[in-house]
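The values are calculated or read from the model by the stated rules, or taken from the named source; none is laboratory data. As the structure is a computational prediction, the values presented were derived from the model and not from experiment. Cβ sites come from the backbone with ideal geometry, for glycine too, and all protein chains shown count toward neighbours. Ligands, DNA and RNA are stripped out before the accessible areas are found, and what is left, the full protein with its side chains, is counted by its heavy atoms. Shrake-Rupley method; radii C 1.70, N 1.55, O 1.52, S 1.80 Å.
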Amino acid sequence: MNWRFVVTGGPGGGKSTLLDALAERGYRIAPEAARRLIKERLAAGLLPRPDPVTFARAILDSDMEHYRAAADDDGIAFFDRGVLDALYMLDLESALSRDEIASHIQAFPYNDTVFLMPPWEAIYAMDSERDQTFEESVTVFEGMKRWYARWGYETVEVPRASVEARVSFILDAMGPQPL
């Protein structure tokens, strides 16, 4: 069984907080590439993002690296976004052909269940790495939902609830775990 799970959705839906809670329980976590890349650019005195294609390619490279690192371990791994998220960004820019996208998706498979964190205005906050509006978060969420379904993944929306309730929901939805 493939124990690589993607947690995705729009910005500010609580993904990082949820993944931090899973890490505290001992699960392996692959962090979101975009926030790290933005932090690095800001620290270097650059604009937060280069052009969309360059940014998406940098995210894709980082996500593929995280995937390969997790492939060395047979245990459960949770990804703060996945390779498909970067491919979605590249598709929006018409930067890859359908065949190239399909090839990447085949090379980097995740568990069939993808956890979607819905936009949640009560917890949404902009910061130095998150400059999208709440409305843009909703658009990204809807795009991710369609994109993952298009490639055969079952998207499961994580309810708006406490962090512990969200963790329990995901662990229950995963079913029996390997020892």
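Which order do the peptides 15-21, 106-112 take when ranked by the mean count of other beta-carbon atoms within 10 Å per residue, highest first?
Listed from highest to lowest mean packing, they are 15-21, 106-112.
What does the C-alpha gyration tensor say about the overall shape of region 14-101? Classify as rounded when a/c is under 1.5, otherwise prolate if a/b is larger than b/c, or oblate.
Oblate shape, in that a/c is at least 1.5 and b/c is the bigger or equal ratio.
Pull out the extension gain between R28 and V156, defined as 0.36 nm times the separation in residues minus the alpha carbon to alpha carbon distance; nm, one decimal.
Extending this stretch completely gives an extra 44.1 nm.
Just need the Rg to Rh number for region 54-138, please, alpha carbons only, Kirkwood Rh.
0.99
Between E40 and D72, what's the calculated FRET efficiency when r is the beta-carbon distance and R0 is 30 Å? Round to 0.05.
Calculated transfer efficiency: 0.75.
If the only charges are +1 at each Lys and Arg Cβ and -1 at each Asp and Glu Cβ, what is the size of the charge dipole of region 31-91 around the Cα centre, to the nearest 20 debye?
Dipole magnitude for region 31-91 comes out near 400 debye.
Let me spell out the model: positive unit charges on the Cβ of Lys and Arg, negative unit charges on the Cβ of Asp and Glu, origin at the Cα centre of the chain. What dipole size does that give, in debye rounded to 20?
In total the dipole reaches around 60 debye.
If you take every residue apart from A173 with its C-beta less than 12 Å away from the C-beta of A173, what net charge results, scoring Lys and Arg +1 and Asp and Glu -1?
-3
Under a plain spin-label model, where a point goes 7 Å from the Cα along Cα-to-Cβ, how far apart in nm are R146 and E121?
Going by the 7 Å Cα→Cβ label model, 2.3 nm.
Per residue, how much accessible area does the chain have with a 1.4 Å probe, in Å²?
Computed with neighbouring chains in place, this is 50 Å² per residue.
At a Förster distance of 22 Å, what's the computed FRET efficiency of S103 paired with M1, Cβ-Cβ distance as r, to 0.05?
Using R0 = 22 Å, I get an efficiency of 0.40.
Counting only protein heavy atoms and using a 1.4 Å probe, what share of the accessible area of the chain belongs to carbon plus sulfur, as a whole percent?
52
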